[in-house]
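To start, I am sharing the structure in question, which I have written as structure tokens.
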Amino acid sequence: MILPSSVLFCCTMNAIRSAMAEGIMKRFHGQQVFVDSAGVRLGELDPLMVQVMSEIDVDMSRHKPKVFDALTDDSFDVAIALSPEARGAADDLTRYRHCDVRLWNVVDPSLSEGSGDQRLAAYRQTRDEIQHKILELFPRVRDHFKL
């Protein structure tokens, strides 16, 4: 896919998955693409999300979760929902203008149980899955032309 001019990532509360996706997309394509994220409901900044994103040099400590109604712009070329609930809200964006809506059904790592290390592993797995999907759909130029 050719890089779009704008991408929205959305999930249930904009606290983990869509926030991760926004940070990763900005890391790789933030100079060429307007990137934003939103949730169906308002969540709170998740400290484990901030921690695992810092491991890949993406600072999410200033991320402020927001809902769709708080978006400053609702005109996106691509909207990627990271939960089935967010897919419905993303579909609403197509009512008055074209927007390519996709669903990446990514597991919410906050639902994981176990020790602190096991929970961190779940967050890392979610982060890595999102990064893989982003780079698969929107490859970096140098990745796209590797021999």
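Determine the relative contact order of the chain: mean sequence separation of Cα pairs under 8 Å and six or more apart, normalised by residue count, in whole percent.
Details: 259 pairs, mean separation 39.7, N = 147.
27 percent.
How big is the Kirkwood radius of region 36-104, worked out from every pair of different alpha carbons and given in Å to one decimal?
Working: mean 1/r = 0.0757 Å⁻¹.
Kirkwood hydrodynamic radius for region 36-104: 13.2 Å.
I would also like to ask the following. Taking the chain, how much of its Cα-Cα pair set, in percent, is spaced more than 19 angstrom apart?
On the way: 5242 of 10731 pairs.
Roughly 49 percent, rounded to a whole number.
Scan the chain and hand back the longest stretch that contains none of the GluC sites (Glu not before Pro) lying in DSSP loops with at most 12 other Cβ atoms within 10 Å. Could you put the intermediate results ahead of the total?
On the way: sites that count: Glu44, Glu55, Glu113.
My reading of the result: 56-112 is the longest stretch.
Taking a ≥ b ≥ c as the square roots of the Cα gyration tensor eigenvalues, with a/c under 1.5 meaning rounded and otherwise prolate when a/b beats b/c, else oblate, which class fits region 1-65?
Working: a/c = 2.50, a/b = 1.30, b/c = 1.92.
Oblate is the answer for region 1-65, as a/c is 1.5 or above yet b/c matches or exceeds a/b.
Let me ask you something else. Under a 5 Å amide H to amide H cut-off, with H placed in plane at 1.01 Å, what residues pair with Ile16 once short-range neighbours are removed?
none
Throughout, read-outs are computed from the coordinates displayed, never taken from laboratory work. Values in this document were obtained by computation on a predicted structure and should not be read as measured data. Don't worry about glycine lacking a Cβ; one is built from the backbone with ideal geometry, like all the others, and counts go over all protein chains shown.
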